[in-house]
1. What are the residues in region 65-120 that are of a type in the set (D, E), more than 15 Å from the chain's Cα centre (by Cα) and at pLDDT 95 or above, if any?
2. Test I57 against the criterion of being outside any helix (DSSP H, G or I) and over 22 Å from Q230 (Cα atoms), and give yes or no.
3. Scanning region 222-239 for residues that are of a type in the set (A, V, I, L, M) and surrounded by fewer than 19 Cβ atoms within 10 Å (Cβ to Cβ), which turns out farthest from the chain's Cα centre (by Cα)?
4. Which residues, counting only those in region 209-228, are basic (K, R) and over 10 Å from F189 (Cα atoms)?
5. Checking E203 against (1) at pLDDT 85 or above; (2) touching a helix residue (DSSP H, G or I) at 6+ places or on another chain (Cβ under 8 Å); (3) of a type in the set (D, E), which single condition isn't satisfied?
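The values are calculated or read from the model by the stated rules, or taken from the named source; none is laboratory data. What you see is a predicted model, and the numbers here were worked out from it, not measured in a lab. In this analysis, Cβ positions are derived from the backbone assuming ideal geometry, glycine residues included, and neighbour counts consider all displayed protein chains.
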Amino acid sequence: MRKEFLRKDQGHTDYSDFLISGGFSAMPIRVILADDQDLYREEIGRLLQDQPDIEVIDKALDKFEAVEKVRAAQPDVVLLDLAMPPKDGLGTLTLIRQVSPASRMIVLARDEKGVQIDQVLNAGALGYIVKGAHQEELFEAVRTVARGAFYISTDVQCAVLTSYLESARPRPRRHYSYNKLTDREKQVFQLLVKGKSRTQIGELLFISAKTVDKHRANISKKIGITSPAQMVLYAIRNELIESS
């Protein structure tokens, strides 16, 4: 049976603002969970299903099964453990994008030293979270990715980015297009690549969410980047991420 919700604020698009109700009906976030560890899969599936705005519509035990179930169900979000058999690296992400382009993907990493985040984002995932993360962070990741924003686990974000920079060690090169940004746009850029939402950025910089959107549009135009994932990659490759 599908879940039904009552929206607290008709102008707010955050899934977390839905409550179970017999009133106003809206679609829950439809999730497929793909993981070969039985205990983890069942426990996480139960926790997700207990959320009023999330519905676990299916589970998969390996990557082949995951691709077929995603093809059939066309879910909103796919939670995928890349360490599952077969060991085909990031190929499964590419296949899922092909069979269900609208599905947003979250990679479940077994530790922060796994697949490099730039490879995950390049392959089409919007989320990267370690399995040991707190359940509330998992819920936030699903809701964030469902609305088209990227999510990197806060516990491992710095570790993953630092690991990438230390292993690749590219020569610092400030891309000339970044220097076209105003000081305020650079502030917004830094907060965006650190995973802050438009509301959080507005509160930190004492500006409205609409002003944040305007700055984000200007940033995209000046540096030629349209998606959050591309913005993160741009920041990593040009060593633009400033320490907090």
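1. Matches in region 65-120: E68 only.
2. yes
3. Filtering region 222-239 for residues that are of a type in the set (A, V, I, L, M) and surrounded by fewer than 19 Cβ atoms within 10 Å (Cβ to Cβ), the one farthest from the chain's Cα centre (by Cα) comes out as I225.
4. K210, K214, K221, K222
5. Evaluating E203 over (1) at pLDDT 85 or above; (2) touching a helix residue (DSSP H, G or I) at 6+ places or on another chain (Cβ under 8 Å); (3) of a type in the set (D, E) leaves (2) as the failure.
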